[in-house]
Amino acid sequence: MADQPLVRTARPTDRGAIARLTLAAYREYATIMEPSAWNALDQAVRSSLVDDTGVTRIVAELDGTLVGSAALYAPDSAAYGDLVAFTSWPEVRLVAVDPKVRGRGVARALVEECIRRARASGATALGLHSSRSMRVAVQLYERMGFVRDPERDFQPPGAELVEGYLLRLVDGTSSSKIG
């Protein structure tokens, strides 16, 4: 099997695979979260998968098989509907990795690509949101230089607190510890 994932912009033909992969990757939270929080997350994920407004879908492949995906929302897009204010920076959402290949750098490669694209677009920051149930993801984001941005937190009805994170991009470089 390939050592490094191939990361690319999703094609229209990837849509079904992205949905299946994302739903499978997020299914683990059904056993971690309170039932109301899981239901809210599941609904939010499903809604986001069918709306491509302002989003670039990015996928990762290993040996020609789609094993990961992420959504990169443009600045001032409704990445979370009306739950959070618009931002002047892009937002990463729905980072998903096939459970069979976790620990192989797929999520890191997807987020690195989002950072690269944000930097190339001239963005001064890149945002994302997570929650307490997503411990492993939060640890990765923090290792990559994302820091808590409590001003961007929001609380959907019945769900866990959705915590904001921000990576400052400065003069074409990122403050992240990518390496």
Lys100 to Val136: extension gain in nm, 0.36 nm per residue of separation minus the Cα-Cα distance? 11.4 nm
Could you rank the peptides 34-41, 47-54 by their average count of other C-beta atoms within 10 Å per residue, with the highest value first? 34-41, 47-54
Between Arg11, Arg132, Arg93, which gets the highest mean-square fluctuation from a Gaussian network model of the chain, Cα cutoff 10 Å? Arg11
Rounded to the nearest 500, what is the 222 nm mean residue ellipticity of the chain from helices alone, with -39500 (n - 2.57) per DSSP H run of 4+ residues and division by all residues? -9000 deg cm²/dmol
What distance in nm separates the two pseudo spin-label positions at Ala30 and Thr9, each 7 Å out from Cα along the beta-carbon direction? 3.5 nm
Could you give each residue of the stretch 58-65 its phi-based ³J(HN,Hα) in whole Hz, using Karplus coefficients 6.51, -1.76, 1.60 with θ = phi - 60°, and x for Gly or Pro? 10, 10, 10, 10, 10, 6, x, 9
5 angstrom amide H check on Ser131, placed H, neighbours 5+ away: Glu163
Subtracting the Cα-Cα distance from 0.36 nm times the residue separation, let me have the gained length for Asn39 to Leu23 in nm, one decimal. 4.5 nm
Mean accessible area per residue over the chain (1.4 angstrom probe, all protein chains present, square angstrom) is 51 Å²
For the stretch 104-177 versus the stretch 8-27, the gap between their alpha-carbon centres in whole angstrom: 20 Å
What percentages make up the Cα-Cα pair-distance distribution of the chain when the bins are 10 Å wide from 0? 10, 40, 40, 10, 0
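The values are calculated or read from the model by the stated rules, or taken from the named source; none is laboratory data. Note that the structure is a prediction, hence the values are computed from the model and not measured. Glycine gets a Cβ as well: all are built from the backbone with ideal geometry, and neighbour counts include every protein chain shown. SASA here: full protein model, heavy atoms, side chains in, ligands and nucleic acids out. Shrake-Rupley method; radii C 1.70, N 1.55, O 1.52, S 1.80 Å.
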